1. Which numbered condition in (1) surrounded by fewer than 23 Cβ atoms within 10 Å (Cβ to Cβ); (2) modelled with pLDDT of 95 or more is the only one that ALA79 fails?
2. Assess whether ASP75 counts as being under 30 Å from SER219 (Cα atoms), charged (D, E, K, R) and touching a strand residue (DSSP E or B) at 6+ places or on another chain (Cβ under 8 Å).
3. Among the residues of the stretch 139-164, which ones are touching a Leu at 6+ places or on another chain (Cβ under 8 Å) and under 27 Å from ILE127 (Cβ atoms)?
4. Name the residue that is farthest from GLY53 (Cα to Cα), counting only residues in the stretch 84-113 that are part of a helix (DSSP H, G or I) and among the charged types (D, E, K, R).
5. Go through the stretch 41-83 residue by residue and tally those that are of a type in the set (D, E, K, R), closer than 26 Å to ALA106 by Cβ and in a strand (DSSP E or B).
6. I need the full set of residues from the stretch 202-238 which are exposed (fewer than 15 other Cβ atoms within 10 Å of the Cβ) and touching a helix residue (DSSP H, G or I) at 6+ places or on another chain (Cβ under 8 Å), in order please.
7. Just for the stretch 185-241: of the residues that are under 22 Å from GLY22 (Cα atoms) and part of a loop (DSSP other than H, G, I, E, B), which one is nearest to the chain's Cα centre (by Cα)?
8. Among (1) closer than 29 Å to LEU221 by Cα; (2) without any contact (Cβ under 8 Å) to a residue 40 or more places away in the chain, which single condition is PRO67 missing?
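The values are calculated or read from the model by the stated rules, or taken from the named source; none is laboratory data. Small disclaimer: the values here were computed from a predicted structure and weren't measured. Here the Cβ positions follow ideal geometry from the backbone for every residue, glycine too, while neighbour counts run over all protein chains shown.
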Amino acid sequence: MALTEAGARARLLRWPRVLLFGDSITEYSFQENGWGAYLAERLVRKCDVVNRGISGYNTRWAKLILPRLITESTDSIVAVTIFFGANDSALKELNPKQHVPLEEYAANLKSMVQYLKSVDITVDRIILITPPPLQESAWEKACLAKGDKLNRCNATTGQYAQACVQVARECGTDVLDLWTLMQKNQDFSSYLSDGLHLSTKGNSFLASQLWSRLENKLSALPSLLPYWRDVDHTNPEASLL
């Protein structure tokens, strides 16, 4: 069969999508041993895991670009993670560009959830993730190496994490409270590479926690296309089109 003829007969094969939306902790998640790469491996043949992490961004900027990432109602998106707060919680007097006031941060998260609902992504497909805890001494070293002062503190980050949890409660979405969960281990610094971003151990921890929430949502998804032993080699069109 000619390829043009096969194309005319075939139904378009659409891979469902999991959208990861966040800042640098999401952008870096496809690096070796990253939490996004882990999800992609677990979901291969079932969905595409799409990385839309943008380093340095906060919720004020994120809410503006979300409608450019998802422009219309779609049933192909089976899950969305919204993972911001590490930049919003920067101290205003030392990092005014990234800082977003706490109340605005919460309002921005609500706005993004409401937008997703407006394009028919139901709340059961949305997971909010709080910022991780900040290891101040390590992050201070990273700041000083760039000629900056320590521009974040863990107590403030915790307020943003609590606001994220509250937004999830009010909106009816799932939430992964990374800030609290990581600090159940007294030495949470091992989860962080520089006091702010995730280490290999931190990526593994987040991947495990997130998968425990996604697995129930995505367990019913079938593997796409038949197993190779099940393809009729005498008539592959019957199996594949």
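1. (1)
2. Here the answer is no, as ASP75 does not meet what is asked.
3. Matches in the stretch 139-164: TRP139, ARG152, CYS153, ASN154, THR156, THR157, GLN159, TYR160, ALA161, ALA163, CYS164.
4. My answer is GLU103.
5. The qualifying residues number 1.
6. The answer is LEU225, PRO226, ASP230, VAL231, ASP232, GLU237.
7. So, considering only residues that are under 22 Å from GLY22 (Cα atoms) and part of a loop (DSSP other than H, G, I, E, B), the one nearest to the chain's Cα centre (by Cα) is HIS197.
8. Result: PRO67 passes all but (2).
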